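The values are calculated or read from the model by the stated rules, or taken from the named source; none is laboratory data. Only a predicted model underlies this, so the values are computations on that prediction, with no experimental measurement involved. Every residue, glycine as well, gets a Cβ built from its backbone with ideal geometry; the counts of neighbours run over all protein chains shown.
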Amino acid sequence: MNIPEKVLKGIEAAGFTECTPVQNATLPSALKGDDVAAQAQTGTGKTASFLIAVFSRMLLKSKHDSTGSGLNTKPRHRQPPSPQALIIAPTRELVAQIHAEALILGKFTGFTMLPIYGGIDYLKQRDDLARGVDVVVGTPGRLIDYLKQKVYSLKRTEFLVIDEADRMFDMGFISDLRFILRRMQPFQKRQSMLFSATLSHRVMELCYEHMNLSDKISLTPEKMTVENVTQELYHVGKAEKMGLLLGILKDEKVGRSLIFVNTKAMAEQMVNLLNANNHKAAAITGDIAQKTRQKILSNFKSGALPILVATDVASRGLHIDGVTHVINYDLPQDSEEYVHRIGRTARAGAEGKAISLACEQYVYSLESIEDYISQKIPTKAIEDHLVVKHYKKPSRRRSRKSASKNAKPGSKQRHGSSRKPEAGQKHSNSPGRHKQLGKPRQSRKPSPRK
């Protein structure tokens, strides 16, 4: 393959020796400058595939360009700077993963790379982007924010990568994505690459609209799950569900494990219960601060945190080697999410196990999941020793109601007063109060004392 020496050094630094199937299928076309639309599952090496192609093309272009990248020089007519390459991903975790891998593969290229996403220093990101960089990796929302402020421009951007395109539709980013693409130069003047777990009609429509006769590459579309993942399913009632989970964690002797739930409230409850029963765990959900999120993920990657509880916000973009078990405490209601969840294990050729608990609340999605993956998930019987019947329950915080009972007599309460209205006096939120609104206030004579 026509890969420059500087990129080959980065490949060696990353420890890559052979092409994965997706790399073998996409790199020849991408290195020639063709547009590519590839269907590839998570964990197959697609990130390295488009990074190697983009860095190689940028280096080859710079040889013929006497001005170099031209991004760190003052643009003519004071126009905002344009990055050479733009990589768009749907989640902060995926952006961070792509940027981390880009730093390794592009270590010897001399290109500057910047991640753009919410939750971190807004002004610092803005200033770094305004100075001009070669490669921008970002989520649609923050990219549009800076684009509208004219911090940067896409008029001279020549390389575009859209990762997890199907997820863009699922998360409602498709209008944002089209907003960004309409502000780039015509597709004939740039190279575009799109990667997606499924090349559905809506994804291909995006290719037809914004790409230049892209090569459609599908890899094993009939096999939705990775063969190295051993799948198991338990039918369990909600009352025994937590006890079964604790039994599985004890019986399976799990290593680094991911537990998926469907709601933030369940994630918080799960972490409290696991910690109370000597299982060190933490949760990432959609609303935690970015610094906290990064610290939790760092501890999980290093092994200091053996169990990570997550909602579907983390089912993509987590590139963590050595995850031995994925446990679906709640079955996902979206069939595609099942594939993305269990794809967090058995990465890079390793083996892994995916265990799902089907309770009466979420079992209704099981049939659609099995139809989607074109296979039946093997069911296992629940043995008595597998259910922990006596386990510690976390202590609950004192409720507001109990706090009001313990309040000192005569003390004022923040959320309204407990004092009853006097005789003949309207309560502040009674119907009579609202009827008087808009009428002139009448003076009242003081009533004679009895």
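Here are the numbers for the structure shown:
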{"item": "Tally, over segment 271-297, of residues that are over 18 Å from residue 247 (Cβ atoms), in contact (Cβ under 8 Å) with a residue 40 or more places away in the chain and part of a helix (DSSP H, G or I)", "result": "6"}
{"item": "Which listed residue, of 98, 87, is assigned to a helix (DSSP H, G or I) and surrounded by 20 or more Cβ atoms within 10 Å (Cβ to Cβ)", "result": "98"}
{"item": "Single condition residue 361 does not satisfy, out of (1) modelled with pLDDT of 85 or more; (2) outside any loop (DSSP other than H, G, I, E, B)", "result": "(2)"}
{"item": "Subset of segment 114-148 [crowded, with 22+ Cβ neighbours inside 10 Å and either of a type in the set (Phe, Trp, Tyr) or assigned to a strand (DSSP E or B) (or both)]", "result": "115, 116, 117, 135, 136, 137, 138"}
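One line per residue, one yes/no per condition, for (1) modelled with pLDDT of 95 or more; (2) surrounded by fewer than 21 Cβ atoms within 10 Å (Cβ to Cβ); (3) over 30 Å from residue 336 (Cβ atoms):
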{"position": "17", "(1), (2), (3)": "no, yes, yes"}
{"position": "24", "(1), (2), (3)": "no, yes, no"}
{"position": "29", "(1), (2), (3)": "no, yes, no"}
{"position": "38", "(1), (2), (3)": "no, no, no"}
{"position": "46", "(1), (2), (3)": "no, no, no"}
{"position": "50", "(1), (2), (3)": "yes, no, no"}
{"position": "56", "(1), (2), (3)": "yes, no, yes"}
